[in-house]
Amino acid sequence: MSGKSWSARTRRDLIIEVWEDLDCESVGARELEQIQRALREKFGEGALESPASIARAVADEGAVLRHPEVFDCDLAWRKQNVDKRTLPAHLDFASLSTAFESMVQLEEKRLALQSNADTNGLTELRNAVTGVRKDSLLRARSKIIDAAQREEAKEVSQWLTIWLQAPELFSDWLDLRRRSPEFRKKFIR
C-alpha cells in the first residue's frame, strides 16, 4: 500500500478510498493502522485521525467493526499521542465523577494559561478539549456500552461543549447543572 497514489482530495474521502481498496469484510486494528498510514503519506502528520474517528467514518459507509480491536487500537494511539503539556494524562472523562474532577483541573489549567497570557497554550488546550469532546460523543453513540454509560458520555460531551463555548461561565453553569432536577433525576441514584 505504501507509495500508492490515492485520488481522494479530503481526509474523509481518503479514509473511504483506502478502506474500499483493502476489500475487507470487517475493520479492526490492522486496517485502521493502514488507513492512518495512508493519511500520513498523503496529507502529512497534521492530518492524522484517531482510530475511533476512522472507524466511525467507515462504519457510516457500511463497514463492520471489530469493536474490541477498535477500542484497544484507539486507546493505544491516544496514549502515544497525548500532548502532556496541553492536557495532563491523568484527566479522565469516562464517568461523571472523574469528569467533574478533571473539569476542575482543566479549568485551573485554563486560568493559569490565561493569567500568563499564553495564547498558544490556550489554543492547544482548546484543541485537546475538542478531541476529548469528540471521544465523548463517540462513546455516547456506541452500541457496545450500556445505556447508563452512554448517558454519562452524552452529559460529559455537553459539559465540554459549554466549556469550549464560554469557559469563563463554565464553573457557574456546571454548578447550576449539577443542582438541576433533570440532572439529579438522571444521575443521582
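Okay, here's what the table says:
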read-out: Residue satisfying all of: in segment 17-37; within 20 Å of the chain's Cα centre (by Cα) and of a type in the set (A, V, I, L, M); surrounded by the fewest Cβ atoms within 10 Å (Cβ to Cβ) among these; value: Ala29
read-out: Options Phe93, Phe71, Phe100; residue that is at pLDDT 90 or above and either under 23 Å from Leu160 (Cα atoms) or not in a helix (DSSP H, G or I) (or both); value: Phe100
read-out: Selection from segment 29-65 of residues that are at negative phi and either among the basic types (Lys, Arg) or not in a helix (DSSP H, G or I) (or both); value: Arg30, Arg37, Arg40, Lys42, Leu48, Glu49, Ser50, Arg56, Glu61, Ala63, Val64, Leu65
read-out: Residue in segment 38-58 that is of a type in the set (Ser, Thr, Tyr), within 17 Å of the chain's Cα centre (by Cα) and closer than 30 Å to Asp175 by Cα present; value: no
read-out: Every residue from segment 17-32 that is touching a helix residue (DSSP H, G or I) at 6+ places or on another chain (Cβ under 7 Å) and either touching a residue at least 40 places away in the same chain (Cβ under 8 Å) or assigned by TED's automatic domain parsing to the domain that holds Gly131 (or both); value: Trp19, Val27, Gly28, Ala29, Leu32
read-out: Filter pass, Glu124 being buried (at least 16 other Cβ atoms within 10 Å of the Cβ) and either touching a His at 6+ places or on another chain (Cβ under 6 Å) or of a type in the set (D, E, K, R) (or both); value: yes
read-out: Matching residues, segment 102-120, being exposed (fewer than 15 other Cβ atoms within 10 Å of the Cβ) and aliphatic (A, V, I, L, M); value: Val104, Leu111, Ala112, Ala117
read-out: Some residue of segment 52-67 being at pLDDT 75 or above, among the basic types (Lys, Arg) and either out of contact with any helix residue (DSSP H, G or I) (no Cβ under 7 Å at 6 or more places or on another chain) or surrounded by 19 or more Cβ atoms within 10 Å (Cβ to Cβ) (or both); value: yes
read-out: Segment 137-181: number of residues that are within 20 Å of Leu111 (Cβ to Cβ) and of a type in the set (Asp, Glu); value: 3
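Conditions tested, residue by residue: (1) of a type in the set (Val, Ile, Thr); (2) in contact with a helix residue (DSSP H, G or I) (Cβ under 6 Å, 6 or more places away or on another chain); (3) under 20 Å from Ser53 (Cα atoms); (4) modelled with pLDDT of 85 or more.
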{"residue": "Leu106", "(1), (2), (3), (4)": "no, no, no, yes"}
{"residue": "Thr119", "(1), (2), (3), (4)": "yes, no, no, yes"}
{"residue": "Ser136", "(1), (2), (3), (4)": "no, yes, yes, yes"}
{"residue": "Lys143", "(1), (2), (3), (4)": "no, no, yes, no"}
{"residue": "Ala153", "(1), (2), (3), (4)": "no, yes, yes, yes"}
{"residue": "Val156", "(1), (2), (3), (4)": "yes, yes, yes, yes"}
{"residue": "Trp163", "(1), (2), (3), (4)": "no, yes, no, yes"}
{"residue": "Leu169", "(1), (2), (3), (4)": "no, no, no, yes"}
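The values are calculated or read from the model by the stated rules, or taken from the named source; none is laboratory data. Predicted model only: the values in this text are computed from it and were never measured. For neighbour counting, all protein chains shown are included, and Cβ atoms are generated from backbone atoms with ideal geometry for every residue, glycine included.
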